[in-house]
1. Would you say residue 55 is of a type outside the set (A, V, I, L, M), surrounded by 11 or more Cβ atoms within 10 Å (Cβ to Cβ) and under 13 Å from the mean Cα position of the chain (by Cα)?
2. Restricting the search to segment 58-81, which residues are of a type in the set (Val, Ile, Thr) and either outside any helix (DSSP H, G or I) or open to solvent by 70 Å² or more (accessible area, probe 1.4 Å) (or both)?
3. Could you list, in sequence order, the residues of segment 33-44 that are touching a helix residue (DSSP H, G or I) at 6+ places or on another chain (Cβ under 8 Å) and either in contact (Cβ under 8 Å) with a residue 60 or more places away in the chain or under 19 Å from residue 69 (Cα atoms) (or both)?
4. Kindly establish whether residue 23 is in contact (Cβ under 8 Å) with a residue 40 or more places away in the chain and either open to solvent by 50 Å² or more (accessible area, probe 1.4 Å) or part of a helix (DSSP H, G or I) (or both).
5. Taking segment 1-20 as the search range and keeping residues that are more than 17 Å from the chain's Cα centre (by Cα) and polar (S, T, N, Q), which one is least open to solvent (accessible area, probe 1.4 Å)?
6. If you scan segment 26-52, which residues turn out to be open to solvent by 70 Å² or more (accessible area, probe 1.4 Å) and either of a type in the set (S, T, N, Q) or in contact with a Lys or Arg (Cβ under 9 Å, 6 or more places away or on another chain) (or both)?
7. Say whether the condition of being assigned to a helix (DSSP H, G or I) and touching a strand residue (DSSP E or B) at 6+ places or on another chain (Cβ under 6 Å) is met by at least one residue in segment 45-57.
Amino acid sequence: MLVLTYAVFKVPTVLNTFFITFLIILIPFGIVNGILTGSFIAEPVVIYNDTENLGIRLGTIPIEDIGYAFSMLLMSLVLIQK
C-alpha cells in the first residue's frame, strides 16, 4: 500500500503502464502459482497454512501472493523510474 501511495504522488507516469502490464503478468503468474499450489497436479509443491494468512484464495492461490507480486513489480518500476 505504501508503494502505491508513493507512486500516485511522486511518479504517477509509472502507473499509466503498470496496471496494464500487471494484468498481462497475472496470466503466467496464475498458471505457475496454480501449479505450485496444486491446481493442476495431484499434490501441491507449496502448502500454505491458512492460520498464517487471510485464508482467502483465488482457486488455490492465496490472495496475499497477488498483493505481493503487485507491490514487488510496482516497487521495481518506481525504483527504475527514480
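1. It is false that residue 55 is of a type outside the set (A, V, I, L, M), surrounded by 11 or more Cβ atoms within 10 Å (Cβ to Cβ) and under 13 Å from the mean Cα position of the chain (by Cα).
2. 60, 61, 80, listed by residue number.
3. The answer is 33, and nothing else.
4. Considered against the rule, which asks whether it is in contact (Cβ under 8 Å) with a residue 40 or more places away in the chain and either open to solvent by 50 Å² or more (accessible area, probe 1.4 Å) or part of a helix (DSSP H, G or I) (or both), residue 23 comes out as no.
5. In this case the residue turns out to be 13.
6. 48, 49, 50, 51
7. no
The values are calculated or read from the model by the stated rules, or taken from the named source; none is laboratory data. These figures come from a predicted structure and were not determined experimentally. No Cβ is skipped: glycine too gets one built from the backbone with ideal geometry, and neighbour counts run over all protein chains shown. For the accessible areas, the whole protein counts, side chains as well, though only heavy atoms, and no ligand, DNA or RNA atoms are used. Shrake-Rupley method; radii C 1.70, N 1.55, O 1.52, S 1.80 Å.
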